[in-house]
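What follows draws every value from the coordinates through simple rules; no lab data is involved. What you are looking at is a predicted structure, and each value in this text was computed from that prediction instead of being measured. Cβ coordinates were reconstructed from backbone atoms using ideal geometry, including for glycine residues, and neighbour counts include every protein chain displayed.
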Amino acid sequence: MPGRDEGPADDSADGGAHGGGDPVEAARAICLRMLAAGPRTRAQLAQGLQRRRVPAGAADAVLSRFAEVGLIDDAAFARAWVESRHHGRGLARRALAAELKQRGVAPEEVRAATSAVGPQDEAATARRLVARRLPATRGRPLPARVRHLVGMLARKGYPAGLAYQVVREALAQEEPGPGDTGHDLDEITAAGLDGIDDASAG
């Protein structure tokens, strides 16, 4: 799955470079092994070939051929990545775009893939994330709860304004616990100012 966290591809089994044989065949074998371990972008495969000291001409020939037959498809990789990471990890468009950029996906393909996550999708996912995390923050001071929840969303790529809005809504709707009088909106707003500043700084 393209949505899993990927470490460096293990291409050490080739033992050095292309061993003095046909560099095209060596490049093909390296790429096939990397792809067998999981989907890769063209840039990731190119980096793997460069690490194995495959000549640039042979590397480009193999990568172009793999793209022609559909073994490399950065647009499909980006779409699958967005689907997996947004629904699986709750990442917002900004974080998704950064991850795809790190993997060498072209800007236009990043934009096309992340456009599948609209503002309403982001807001709904942010609400689910906060609802899941909110109970574990109970008993802590309100400013600390706001900072924790807003910071969690910020780390996943959500804008500070949206993060605070979602956290404010969740706290305002929270059922009071034993001996708890609940929160009023002014109290949440005051606590949230520091939360937004902290999330923006992070």
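Here, P(r) means the percent of Cα pairs in each 10 Å bin from 0 to the largest distance; for segment 74-114 it is 37, 60, 3. Take the Cα of ALA43, step 7 Å toward its Cβ, do the same at LEU71, and the gap between the two points is 2.2 nm. Label separation (LYS101 vs GLN120): 2.9 nm, computed from points 7 Å beyond Cα along the C-beta direction.
A Förster radius of 22 Å, combined with the Cβ-Cβ distance separating ARG155 from ALA112, puts the computed FRET efficiency at roughly 0.30. Note on ALA61 and ALA131: the extension gain reaches 20.2 nm, defined as 0.36 nm multiplied by sequence separation minus the Cα-Cα distance.
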